[in-house]
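A quick write-up on the structure given underneath.
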Amino acid sequence: MMAVAAQLARRRSVSCTGALLLRRTGFPGHPRPFSGSAARRAVMPAWVIDRYGTNEVLRFTKNAPFPVIQYPNEVTVKVHAAALNPIDVSMRGGYGAATMAMKRDPLNLNQAGSEFPLILGRDVSGVIMECGLDVAYFKPGDEVWAAIPPWKQGSLAEFVVLSANEVSHKPKSLSHPEAAALPYTASTAWSAVVNTGGLNKDNCAKKRVLILGASGGVGTFAVQLVKAWGGHVTATCSGAAERLVRELGADAVVDYGTGPIQNQLSSERFDLILDNVGGETERWALALLKPWSGAKYVTLVTPFLRNTDTLGIADGMFQTGVTVATKALKHLTKGVHYRWGFFIPSGPALDDISDMVDAGQVRPVVEAHYSFAQVPDAFLKVEGGHARGKTVIDIISDEHECV
Ligand SMILES: NC(=O)c1ccc[n+]([C@@H]2O[C@H](COP(=O)([O-])OP(=O)(O)OC[C@H]3O[C@@H](n4cnc5c(N)ncnc54)[C@H](OP(=O)(O)O)[C@@H]3O)[C@@H](O)[C@H]2O)c1
């Protein structure tokens, strides 16, 4: 809580400075940073889908609706780079559609399919083009990064509109393509390790943390985060990824290809387990926690969105609540905590991550670069699995080359 309060205070104090600066530099008596562009554009280039399906539903258009600021706390960001995550592939196929529809349209006023043309892409690094009336922390021209909530239009486009609370100043030490590799997975790892797992820079030293699935987007950041805060990391991955995971700082690496993880770690006990793999893991992983010590198992692979897709919002949420409560209670009687972790969009968390990047404590792991024209290839890459870090899209380099 104190960290959040300090973060918000910092945002407030910087916002005053920003407003004063603007008054001094050409907006006399005008505290809000507002773009001076006269001509309003109606369309922009983007990759969209018009229905859910496999990769062929991806369509490039130069005529996607130009995103418009609708609330005073919103900003328009010109996208320089984006990145893909497994959720983009899943959403392309309709995953989470019921919950996303409810988030976009809580009163259910719109017709089914009103989300189309839908723009995917959860990571953005770019430049602020325009700010809403209440935005003082940012000004046009600021280089920013953000993780975009899945119910909003995404970053596979020339522009995206976001709440200023979701946006943060980009690390100065990273290029836009490097920066785009971090926001969604780093925010997810932060949410799981800090908010749900209870670790932070002040209490993490010497904590023993097991990271299942350490070689992907979330895992490569989580390993570095825990190591930066002085924790001891045991990581699981395939043998082919061991070198990468060790380079990121893992103290011990277990190759899941050489036999059951639970056998290889049977003598170990952990304070926190972060599960990026799911499936069978929760059958055995909680036995590796230190009992009666507040130790937690946090899994990112949950049935929440699948439940609401198949059962509808009300029944799906009820089923989800029953499932998580039953599991949490069962494990509580054995002295360990069972939790589900979720991505949470947070500008303040990205501010902290930006500081850690610029301090050299954490870095992006970019596995593959694609141009804006190659977005369908990038989807196939992510869909193929076996990630070693992130797949990044350079949006700005050839934004007018798609046909
Ligand atoms: N709940 C949320 O809000 C939320 C948010 C973000 C992500 N997630 C979920 O969290 C999971 C991880 O996300 P991500 O972005 O890190 O995915 P990712 O980039 O695809 O990485 C997954 C990694 O796990 C490795 N792996 C696969 N099977 C494994 C096993 N049995 N043991 C150890 N490693 C294994 C894969 O490499 P190999 O196959 O080569 O081993 C890959 O490197 C995904 O299921 C994603 O959907 C959930």
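Going by how many other Cβ atoms sit within 10 Å of their own, how do Lys330, Lys390, Lys381 line up, fewest first?
On the way: Lys330 11, Lys390 27, Lys381 18.
Exposure proxy ranking, most exposed first: Lys330, Lys381, Lys390.
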query: Near Lys334, which lysines are there with a Cα under 22 Å away, not counting those fewer than 8 places off in the same chain?
result: Lys207, Lys290, Lys296
message: Restricting to DSSP H runs of at least four residues, report the calculated mean residue ellipticity at 222 nm for the chain, -39500 (n - 2.57) per run over all residues, nearest 500 deg cm²/dmol.
response: -9000 deg cm²/dmol
task: Between Asn85, Asn307, Asn203, find the one with the highest GNM mean-square fluctuation for the chain; connect C-alpha pairs within less than 10 Å.
output: Asn203
- prompt: Taking Cα pairs under 8 Å and at least six residues apart, what relative contact order does the chain come out at, in percent?
  reply: 19 percent
- line: If one builds a Gaussian network model of the chain from Cα atoms under 10 Å apart, the most fluctuating residue listed among Glu282, Glu178, Glu130 is Glu282
message: If I take all pairs of Cα atoms in the chain, what percentage of them are more than 33 Å from each other?
response: 34 percent
- request: Give the Rg (one decimal place) followed by the Dmax (whole number) of the stretch 185-340, computed from C-alpha coordinates and expressed in Å.
  value: 15.4, 45
field: Ranked list, fewest to most other Cβ atoms within 10 Å of each Cβ, for Glu158, Glu280, Glu367
entry: Glu280, Glu367, Glu158
statement: Inter-part gap, Cα centre of the stretch 234-292 to Cα centre of the stretch 81-160, in whole angstrom, is 33 Å
query: Among Leu156, Leu182, Leu265, which one moves the most in a GNM of the chain with springs linking Cα atoms closer than 10 Å?
result: Leu265
query: Where does helix 313-332 land angle-wise versus the long Cα axis of the chain, in degrees 0 to 90, nearest 10?
result: 40 degrees
task: Compute the long axis of helix 217-228 from its Cα atoms, compare it with the longest principal axis of the Cα atoms of the chain, and write down the angle in degrees, 0 to 90, nearest 10.
output: 70 degrees
query: With axes computed from alpha carbons, what is the tilt in degrees of helix 2-24 against the longest principal axis of the chain, rounded to the nearest 10 within 0 to 90?
result: 20 degrees
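Only the coordinates and a few stated rules stand behind these numbers; no lab work does. Being a predicted model, the structure only gives us computed values, none of them experimental. Please note: Cβ atoms are built from the backbone with ideal geometry, for glycine as well, and neighbour counts cover all protein chains shown.
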